[in-house]
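Working notes, structure below.
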Amino acid sequence: MQSKTVPPASADTRPRLAGLDFLRGFAALWVLMFHVVELVPAAYHGPYSPYLLHVGWNGVDLFFVLSGFLIGGLLAADRGETRGGFLLRRVLRIYPAFLVVAVACLLGTRPHLLEEPWVLVSHLFMVHNLVPGHGGAINGVLWTLGSEFQFYLLAALLLGLVRGPRAWWTLTLAMLGISLASRYAVFHLWQEPGQRFFLGTQLPGMLGLFAAGFAVVKLRPLCRAAIEAHFALCAASAALLLVLYLGWLRGHIGDYWDVEVPVVWGRFFTAVVFGYLVLVFACVPPAVGRFFQRSGWVYLGEISYGVYLVHLPVMETMATWAPRYLPGLTWYGYLGLLLAVVGLLATALHVVVERPFIALGRRLSSRARPAPAAPARPTLRPGLD
């Protein structure tokens with residue numbers, strides 16, 4: 001699946017970037033394995049390396065950087081899309097699957113929350129992450145979707161307003177500065193780690209991750225030829241940078257929210273490392289893109305949203321019935337069954353829910369977009385939605 005130029009009329013069918021699908025698939029598996037290590041019964045713990053997995057929550061941050069690249073690409077393209085059309089397309093991208101999984105959890109693993117109307121209302125309007133105790137109440141991963149949706153609202157306000165490189169970099173640096181200032185204030189104004197986590201992971205504190213994606217939008221055209229020509233070296237340097245960062249981060253697993261450097265600067269380091277990672281894999285050469293396509297990584301990237309949404313409810317269900325009905329289940333058996341069930345449910349969610357609503361969003365958005373006065377020049381789009 002190779003990147004190429006497409007005319008504006010083909011924007012809705014633009015190609016995906018295989019390298020970014022690889023990262024999306026990797027991020028989803030990283031979060032899944034983090035939850036396996038942290039949450040499943042000890043009987044199913046197996047021969048894994050804790051070096052990577054105990055910090056697997058970073059997969060969420062990688063998703064945010066990827067989202068910044070996608071949304072930044074849409075803002076940079078500036079094709080005359082209305083704010084309403086832009087927001088409608090983004091809502092139809094994430095909300096239907098979010099709603100389906102939330103309802104399934106309420107009927108399955110969290111039926112007692114049906115008697116908590118404010119939990120239901122906060123999720124319905126995607127503000128659950130703003131209410132203490134609501135963010136992960138229905139499904140532990142859904143708090144991130146609130147931040148994502150609120151970033152979409154911010155992006156809709158910026159649509160058509162950021163023109164020219166100077167304005168772009170000013171916005172990017174402003175987002176990064178707001179993130180650092182927010183986390184500095186959180187550390188010095190609140191002492192309890194739970195409060196710091198709740199406040200530090202709201203949108204202001206996470207803007208630096210989206211800013212990293214914005215930076216990649218402008219750096220990619222400048223670096224693409226060089227990265228493609230030396231992809232192995234660039235990928236190795238990105239992997240080394242990631243390992244060094246994770247090595248530092250593992251030293252703060254137990255005190256992350258108690259120490260100033262990780263609270264204030266941790267997400268800045270994350271933005272730099274993951275920003276470089278996204279830049280490199282947004283420039284994969286054709287042969288590497290074909291490898292990702294044929295090896296299944298592109299497909300995993302396509303269903304990564306579903307994997308992210310369903311894996312915790314599946315794990316909770318398996319934790320209840322696996323010891324009872326499969327008492328001899330081994331580590332490999334547990335992991336294989338988990339991945340199979342999650343993969344099937346994520347595929348069904350992608351085919352039955354995500355694809356139709358993505359297509360609907362494109363149709364409705366294109367109808368709301370004013371016709372161009374003259375044919376536009378071909379341009380490159382990130383192609384992640």
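Does the range 1-49 hold any residues that are touching a Pro at 6+ places or on another chain (Cβ under 9 Å), under 25 Å from residue 141 (Cα atoms), among the aliphatic types (A, V, I, L, M) and at pLDDT below 75, and which are they?
Hit for the range 1-49 is 43, nothing else.
Residues checked against (1) in a helix (DSSP H, G or I); (2) modelled with pLDDT under 95; (3) farther than 12 Å from residue 176 by Cβ:
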| position | (1), (2), (3) |
| --- | --- |
| 188 | yes, no, yes |
| 194 | yes, yes, yes |
| 199 | yes, no, yes |
| 204 | yes, no, no |
| 208 | yes, no, no |
| 211 | yes, no, no |
| 215 | yes, no, no |
| 218 | yes, no, yes |
| 225 | yes, no, yes |
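Yes/no per residue for (1) among the β-branched types (Val, Ile, Thr); (2) loosely packed, with under 14 Cβ neighbours inside 10 Å:
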position: 60; (1), (2): yes, no
position: 68; (1), (2): no, no
position: 148; (1), (2): no, no
position: 161; (1), (2): no, yes
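Conditions first: (1) in contact (Cβ under 8 Å) with a residue 12 or more places away in the chain; (2) within 24 Å of residue 308 (Cβ to Cβ); (3) not in a helix (DSSP H, G or I). Residue 123 passes all but one, so which condition is the exception?
Among (1) in contact (Cβ under 8 Å) with a residue 12 or more places away in the chain; (2) within 24 Å of residue 308 (Cβ to Cβ); (3) not in a helix (DSSP H, G or I), the lone unmet condition for residue 123 is (3).
For residues that are more than 25 Å from residue 24 (Cβ to Cβ) and either of a type in the set (Phe, Trp, Tyr) or part of a loop (DSSP other than H, G, I, E, B) (or both), tally how many sit in the range 299-351. I'd like the intermediate steps shown before the answer.
Filtering the range 299-351 down to residues more than 25 Å from residue 24 (Cβ to Cβ) leaves 319-333.
If we keep only those that are either of a type in the set (Phe, Trp, Tyr) or part of a loop (DSSP other than H, G, I, E, B) (or both) too, we end up with 321, 325-332.
Of the residues in the range 299-351, 9 are more than 25 Å from residue 24 (Cβ to Cβ) and either of a type in the set (Phe, Trp, Tyr) or part of a loop (DSSP other than H, G, I, E, B) (or both).
Give the residue, chosen from 224, 110, 196, that is closer than 30 Å to residue 285 by Cα and of a type outside the set (A, V, I, L, M, F, W, C).
Details: 110 fails: closer than 30 Å to residue 285 by Cα; 196 fails: closer than 30 Å to residue 285 by Cα.
From the options 224, 110, 196, the qualifying one is 224.
Among 208, 135, which is touching a residue at least 60 places away in the same chain (Cβ under 8 Å) and more than 16 Å from residue 69 (Cα to Cα)? I'd like the intermediate steps shown before the answer.
Values: 208 fails: more than 16 Å from residue 69 (Cα to Cα).
Exactly one of 208, 135 is touching a residue at least 60 places away in the same chain (Cβ under 8 Å) and more than 16 Å from residue 69 (Cα to Cα), namely 135.
What's the total number of residues in the range 96-115 that are part of a loop (DSSP other than H, G, I, E, B) and either buried (at least 17 other Cβ atoms within 10 Å of the Cβ) or modelled with pLDDT of 95 or more (or both)?
Restricting attention to the range 96-115, the residues satisfying the condition of being part of a loop (DSSP other than H, G, I, E, B) are 108-110.
Imposing the further condition that a residue be either buried (at least 17 other Cβ atoms within 10 Å of the Cβ) or modelled with pLDDT of 95 or more (or both) reduces the set to 109-110.
Going through the range 96-115 one residue at a time, the tally reaches 2.
In the range 259-270, which residues are surrounded by 14 or more Cβ atoms within 10 Å (Cβ to Cβ) and either in contact with a Ser or Thr (Cβ under 8 Å, 6 or more places away or on another chain) or acidic (Asp, Glu) (or both)?
Passing the criteria: 267, 268.
Inspect all residues belonging to the range 332-353 and state whether any of them is over 20 Å from residue 97 (Cβ atoms), touching a residue at least 24 places away in the same chain (Cβ under 8 Å) and surrounded by 13 or more Cβ atoms within 10 Å (Cβ to Cβ).
Looking through the range 332-353, at least one residue is over 20 Å from residue 97 (Cβ atoms), touching a residue at least 24 places away in the same chain (Cβ under 8 Å) and surrounded by 13 or more Cβ atoms within 10 Å (Cβ to Cβ).
Inside the range 141-159, can you point out the residues that are part of a loop (DSSP other than H, G, I, E, B), of a type outside the set (Val, Ile, Thr) and modelled with pLDDT of 95 or more?
Result: 142, single match.
With modelled with pLDDT under 95 and either over 20 Å from residue 79 (Cα atoms) or small (Gly, Ala, Ser) (or both) as the only criterion, which of 164, 177 stands out? Give the derivation first.
Details: 177 fails: modelled with pLDDT under 95.
Criteria check complete, one pass: 164.
Would you check if there is a residue in the range 314-324 being of a type in the set (A, V, I, L, M, F, W, C), within 28 Å of residue 355 (Cα to Cα), touching a residue at least 60 places away in the same chain (Cβ under 8 Å) and touching a Gly at 6+ places or on another chain (Cβ under 8 Å)?
So far as the range 314-324 goes, no, none of its residues is of a type in the set (A, V, I, L, M, F, W, C), within 28 Å of residue 355 (Cα to Cα), touching a residue at least 60 places away in the same chain (Cβ under 8 Å) and touching a Gly at 6+ places or on another chain (Cβ under 8 Å).
Which number in (1) under 21 Å from residue 65 (Cβ atoms); (2) surrounded by 19 or more Cβ atoms within 10 Å (Cβ to Cβ) marks the one condition that residue 170 misses?
(2)
Somewhere in the range 117-125, is a residue at pLDDT 95 or above, aromatic (Phe, Trp, Tyr), farther than 15 Å from residue 203 by Cα and surrounded by fewer than 16 Cβ atoms within 10 Å (Cβ to Cβ)?
yes
Hey, among 164, 160, 177, which residue is on the phi > 0 side of the Ramachandran plot and free of Cβ contacts under 8 Å to residues at least 24 places away in the same chain? Spell out how you get there, then give the answer.
Details: 160 fails: free of Cβ contacts under 8 Å to residues at least 24 places away in the same chain; 177 fails: on the phi > 0 side of the Ramachandran plot.
Among 164, 160, 177, only 164 is on the phi > 0 side of the Ramachandran plot and free of Cβ contacts under 8 Å to residues at least 24 places away in the same chain.
Looking at the range 246-262, I want the residues that are in contact (Cβ under 8 Å) with a residue 60 or more places away in the chain and among the hydrophobic types (A, V, I, L, M, F, W, C) and have a partner that is crowded, with 16+ Cβ neighbours inside 10 Å and outside any helix (DSSP H, G or I) with Cβ atoms under 8 Å, at least 6 apart or on another chain. Which pairs are those?
Pairs found: 246/55; 249/55; 253/54; 253/55.
Please state which of the following conditions residue 171 fails to meet, knowing it meets all the rest: (1) in a helix (DSSP H, G or I); (2) in contact with a helix residue (DSSP H, G or I) (Cβ under 8 Å, 6 or more places away or on another chain); (3) within 30 Å of residue 101 (Cα to Cα).
With (1) in a helix (DSSP H, G or I); (2) in contact with a helix residue (DSSP H, G or I) (Cβ under 8 Å, 6 or more places away or on another chain); (3) within 30 Å of residue 101 (Cα to Cα) applied to residue 171, the lone miss is (3).
The values are calculated or read from the model by the stated rules, or taken from the named source; none is laboratory data. Keep in mind that this is a model prediction, so the values were computed, not measured. Glycine also receives a Cβ, built like all others from the backbone with ideal geometry; neighbour counts cover every protein chain displayed.
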